[in-house]
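*Asks:* The structure's right below; bear with me while I get my questions together.
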Amino acid sequence: MNTDSRSQTLPQVEAAIWDELARAVGDKAHAWRTPVLATAAPDGADARTVVLREALQPEARLLVYTDTRAAKVHEIAACPAGMLVFWSSALGWQLRCKVTLSVEDSGLEVSSRWARVKLTPGAQDYVSPLPPGAPLAAVPEVQRASREYFGVIGIRVDSLDWLELRPQGQRRARFDAEGARWLQP
Ligand SMILES: Cc1cc2nc3c(=O)[nH]c(=O)nc-3n(C[C@H](O)[C@H](O)[C@H](O)COP(=O)(O)O)c2cc1C
């Protein structure tokens, strides 16, 4: 939900942000469904597009799926701090989230989601014989590994930096452990 009201309060803005995150999970056309996740890599920074799978507002927690052999999984193990960046031209909203990342490859959180994913065409993303990024001698053939490498990246949102671009002016706000405040855009 976007609103034209310039008198919107900070709690209303924060609630609207979480509404959009929840909407993005279920709407393949929503631009916020595919944010960019940035992590620290051994040689600097790394970033890639991911699909937002769940948005749990009470815990300020987001979920993304991954092949557990992917580079990002090793990067998260070495440094759990990351950034998740969303942009929607329809909303005119950029959202930059400072996040703490963790990867689960077993347990109920993983098995319950894999039980659903494995029935879909998307399951092939987690069953390739070679890890993501492995060099190939030729154009790949579709092959299936003897097991799956499905994992869940848990994303704790530590702070939200929201920027709204509007013809009538920009607005920016931050939401974190220190509270909510307006910022100069
Ligand atoms: C639209 C789009 C959505 C993607 N979603 C995911 C995803 O949800 N999880 C994932 O691990 N990779 C996803 N990828 C692939 C990643 O961007 C990346 O290429 C891959 O995960 C390897 O990244 P890494 O080597 O940094 O781990 C997606 C790519 C695109 C273009």
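The values are calculated or read from the model by the stated rules, or taken from the named source; none is laboratory data. All values derive from a computational prediction rather than experimental measurement. Counting neighbours? That spans all protein chains shown, and the Cβs are built from the backbone with ideal geometry, glycine included. What goes into the accessible areas is simple: the full protein's heavy atoms, side chains included, and nothing from ligands, DNA or RNA. Shrake-Rupley method; radii C 1.70, N 1.55, O 1.52, S 1.80 Å.
*Asks:* Given that compact globular proteins tend to follow 2.2 N^0.38 Å, what is the ratio of the alpha-carbon Rg of the stretch 101-185 to that value?
*Replies:* On the way: Rg = 20.6 Å, N = 85, 2.2 N^0.38 = 11.9 Å.
Against the empirical 2.2 N^0.38 Å value, I get 1.73 for the stretch 101-185.
*Asks:* Checking the cross-link filter: which aspartates and glutamates have an alpha carbon closer than 14 Å to that of Lys72, excluding same-chain neighbours under 8 positions apart?
*Replies:* Reachable aspartates and glutamates: Asp43, Asp46, Glu104, Asp105.
*Asks:* Further question on the same structure: How many angstrom separate the Cα center of the stretch 34-61 from the Cα center of the stretch 78-136?
*Replies:* Answer, in whole Å: 8.
*Asks:* Now, a different point. Please state the relative contact order of the chain as a whole percent: Cα pairs under 8 Å, 6+ residues apart? Present the calculation step by step, with values, prior to reporting the outcome.
*Replies:* Values: 327 pairs, mean separation 39.0, N = 185.
Relative contact order of the chain: 21 percent.
*Asks:* Take the alpha-carbon positions of the chain, form their convex hull, and give its projected area averaged over all directions (one quarter of the hull surface) in nm².
*Replies:* 12.6
*Asks:* Quick one: longest stretch of the chain between exposed loop GluC sites (Glu not before Pro), exposed meaning at most 14 other C-beta atoms within 10 Å and loop per DSSP?
*Replies:* Segment 60-140 is the longest.
*Asks:* At q = 0.21, 0.27, 0.28 Å⁻¹, what log₁₀ I(q)/I(0) does the stretch 3-66 have when each alpha carbon counts as one equal point scatterer in the Debye sum?
*Replies:* Rounded to two decimals, the profile gives -0.91, -1.12, -1.15.
*Asks:* To the nearest 0.05, how large is the calculated FRET efficiency for Lys118 and Lys28 if R₀ is 25 Å and r is the Cβ-Cβ distance?
*Replies:* FRET efficiency, Lys118 to Lys28: 0.80.
*Asks:* log₁₀ I(q)/I(0) of the stretch 31-84 at q = 0.27 Å⁻¹, via Debye over equal Cα point scatterers, no solvent, to two decimals?
*Replies:* After summing over all Cα pairs, the log10 values are -1.19.
*Asks:* Pop out the carbon and sulfur fraction of the accessible area of the chain as a percent, whole number, probe 1.4 Å.
*Replies:* 54
*Asks:* Oh, and also: In Å², what does the accessible area per residue of the chain work out to with a 1.4 Å probe?
*Replies:* The answer is 55 Å² per residue.
*Asks:* Heavy atoms only, probe 1.4 angstrom, no DNA, RNA or ligands counted: give me Lys28, Lys98, Lys72 ranked by accessible area, highest first.
*Replies:* The ordering from most to least exposed comes out as Lys28, Lys98, Lys72.
*Asks:* Still on this model: What does the accessible area of Asp105 come to, in Å² to the nearest 10, when a probe of 1.4 Å is used?
*Replies:* My reading of the accessible area for Asp105 is about 100 Å².
*Asks:* Which residue, Leu119, Leu130, Leu101, has the most motion in a Gaussian network model of the chain that connects Cα atoms within less than 10 Å?
*Replies:* The residue that fluctuates most here is Leu119.
*Asks:* Between Gln94 and Ala47, 0.36 nm times their residue separation minus their Cα-Cα distance comes to what? Could you put the intermediate results ahead of the total?
*Replies:* Details: separation 47, 0.36 × 47 = 16.92 nm, distance 1.67 nm.
Result for the pair: 15.3 nm of gain on full extension.
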